[in-house]
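Trainee: Just passing along the structure, written as C-alpha coordinates.
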Amino acid sequence: MGDSMTAWPKRAALYLIFLMLCSACVQWPVNKSFTERQDMEKYAQERYLRAVEYMKVGKYELAQQQFSVASASAVSPGLKQLATNGYDKAGLIIEEQR
(Lines give C-alpha, C1' and ligand atoms only; values in the text may rest on other atoms or scores of the structure.)
Protein backbone atom coordinates (compact mmCIF):
# COMPACT_ATOMS: atom_id res chain seq x y z
CA MET A 1 0.00 0.00 0.00
CA GLY A 2 2.93 2.30 0.63
CA ASP A 3 4.10 2.05 -2.99
CA SER A 4 0.71 2.94 -4.43
CA MET A 5 0.50 6.01 -2.20
CA THR A 6 3.82 7.40 -3.46
CA ALA A 7 3.17 6.39 -7.06
CA TRP A 8 -0.04 8.42 -7.28
CA PRO A 9 1.61 11.90 -6.96
CA LYS A 10 4.23 10.88 -9.53
CA ARG A 11 1.55 9.79 -11.98
CA ALA A 12 -0.45 12.93 -11.34
CA ALA A 13 2.63 15.07 -12.00
CA LEU A 14 3.33 13.19 -15.24
CA TYR A 15 -0.29 13.61 -16.38
CA LEU A 16 -0.11 17.30 -15.56
CA ILE A 17 3.09 17.73 -17.58
CA PHE A 18 1.55 15.76 -20.45
CA LEU A 19 -1.56 17.97 -20.43
CA MET A 20 0.54 21.13 -20.36
CA LEU A 21 2.55 19.94 -23.37
CA CYS A 22 -0.61 19.06 -25.26
CA SER A 23 -2.05 22.46 -24.44
CA ALA A 24 1.05 24.20 -25.77
CA CYS A 25 0.89 22.21 -29.01
CA VAL A 26 -2.75 23.07 -29.54
CA GLN A 27 -2.17 26.79 -28.95
CA TRP A 28 0.77 27.12 -31.34
CA PRO A 29 -1.25 27.12 -34.57
CA VAL A 30 -3.56 29.80 -33.15
CA ASN A 31 -0.58 32.11 -32.72
CA LYS A 32 0.63 31.23 -36.21
CA SER A 33 -2.82 31.98 -37.60
CA PHE A 34 -2.77 35.37 -35.88
CA THR A 35 0.60 36.13 -37.47
CA GLU A 36 -0.68 35.07 -40.87
CA ARG A 37 -3.70 37.33 -40.46
CA GLN A 38 -1.41 40.25 -39.60
CA ASP A 39 0.70 39.53 -42.67
CA MET A 40 -2.37 39.41 -44.90
CA GLU A 41 -3.66 42.69 -43.49
CA LYS A 42 -0.29 44.34 -44.06
CA TYR A 43 -0.23 43.05 -47.64
CA ALA A 44 -3.77 44.36 -48.20
CA GLN A 45 -2.78 47.77 -46.83
CA GLU A 46 0.20 47.90 -49.20
CA ARG A 47 -2.01 47.02 -52.17
CA TYR A 48 -4.56 49.65 -51.11
CA LEU A 49 -1.90 52.34 -50.87
CA ARG A 50 -0.50 51.33 -54.26
CA ALA A 51 -4.01 51.64 -55.72
CA VAL A 52 -4.41 55.12 -54.25
CA GLU A 53 -1.12 56.14 -55.87
CA TYR A 54 -2.30 54.78 -59.21
CA MET A 55 -5.53 56.77 -58.87
CA LYS A 56 -3.53 59.96 -58.28
CA VAL A 57 -1.63 59.55 -61.54
CA GLY A 58 -4.63 58.48 -63.60
CA LYS A 59 -3.82 54.77 -63.95
CA TYR A 60 -7.34 53.66 -63.14
CA GLU A 61 -7.17 50.13 -64.52
CA LEU A 62 -4.09 49.38 -62.43
CA ALA A 63 -5.73 51.02 -59.44
CA GLN A 64 -8.82 48.90 -59.86
CA GLN A 65 -6.70 45.76 -59.99
CA GLN A 66 -4.86 46.72 -56.80
CA PHE A 67 -8.12 47.61 -55.04
CA SER A 68 -9.43 44.18 -55.97
CA VAL A 69 -6.37 42.44 -54.49
CA ALA A 70 -6.60 44.60 -51.37
CA SER A 71 -10.26 43.77 -50.90
CA ALA A 72 -9.67 40.04 -51.35
CA SER A 73 -6.69 40.05 -48.96
CA ALA A 74 -8.04 42.34 -46.25
CA VAL A 75 -8.83 40.84 -42.89
CA SER A 76 -10.48 43.86 -41.30
CA PRO A 77 -13.94 44.84 -42.52
CA GLY A 78 -12.91 48.51 -42.66
CA LEU A 79 -10.07 47.98 -45.08
CA LYS A 80 -12.17 45.57 -47.12
CA GLN A 81 -14.87 48.25 -47.45
CA LEU A 82 -12.36 50.97 -48.37
CA ALA A 83 -10.85 48.76 -51.07
CA THR A 84 -14.28 47.85 -52.42
CA ASN A 85 -15.26 51.52 -52.56
CA GLY A 86 -12.00 52.33 -54.35
CA TYR A 87 -12.63 49.53 -56.84
CA ASP A 88 -16.10 50.90 -57.58
CA LYS A 89 -14.83 54.47 -57.92
CA ALA A 90 -12.07 53.42 -60.32
CA GLY A 91 -14.64 51.46 -62.34
CA LEU A 92 -16.89 54.52 -62.65
CA ILE A 93 -13.99 56.66 -63.85
CA ILE A 94 -13.02 54.01 -66.41
CA GLU A 95 -16.59 53.86 -67.71
CA GLU A 96 -16.81 57.68 -67.91
CA GLN A 97 -13.63 57.81 -70.00
CA ARG A 98 -14.95 55.38 -72.61
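The values are calculated or read from the model by the stated rules, or taken from the named source; none is laboratory data. Since the structure is predicted, the reported quantities are computational estimates derived from the model, not experimental observations. Cβ atoms come from the backbone with ideal geometry, glycine included; neighbour counts cover every protein chain shown.
Trainee: For region 40-70, give me each residue that is over 12 Å from A90 (Cβ atoms) and aliphatic (A, V, I, L, M).
Mentor: M40, A44, L49, V57, V69
Trainee: If you go through region 71-83, how many residues are part of a helix (DSSP H, G or I) and either among the small types (G, A, S) or surrounded by fewer than 16 Cβ atoms within 10 Å (Cβ to Cβ) (or both)?
Mentor: In the first step, residues of region 71-83 are kept if they are part of a helix (DSSP H, G or I); the result is 71-73, 77-83.
If we keep only those that are either among the small types (G, A, S) or surrounded by fewer than 16 Cβ atoms within 10 Å (Cβ to Cβ) (or both) as well, we get 71-73, 77-78, 81, 83.
Of the residues in region 71-83, 7 are part of a helix (DSSP H, G or I) and either among the small types (G, A, S) or surrounded by fewer than 16 Cβ atoms within 10 Å (Cβ to Cβ) (or both).
Trainee: Every residue in region 26-46 that is acidic (D, E) and either modelled with pLDDT under 85 or under 8 Å from the mean Cα position of the chain (by Cα) (or both), please.
Mentor: The initial filter retains those residues of region 26-46 that are acidic (D, E), namely 36, 39, 41, 46.
Of everything in region 26-46, those that are acidic (D, E) and either modelled with pLDDT under 85 or under 8 Å from the mean Cα position of the chain (by Cα) (or both) turn out to be E36, D39, E41.
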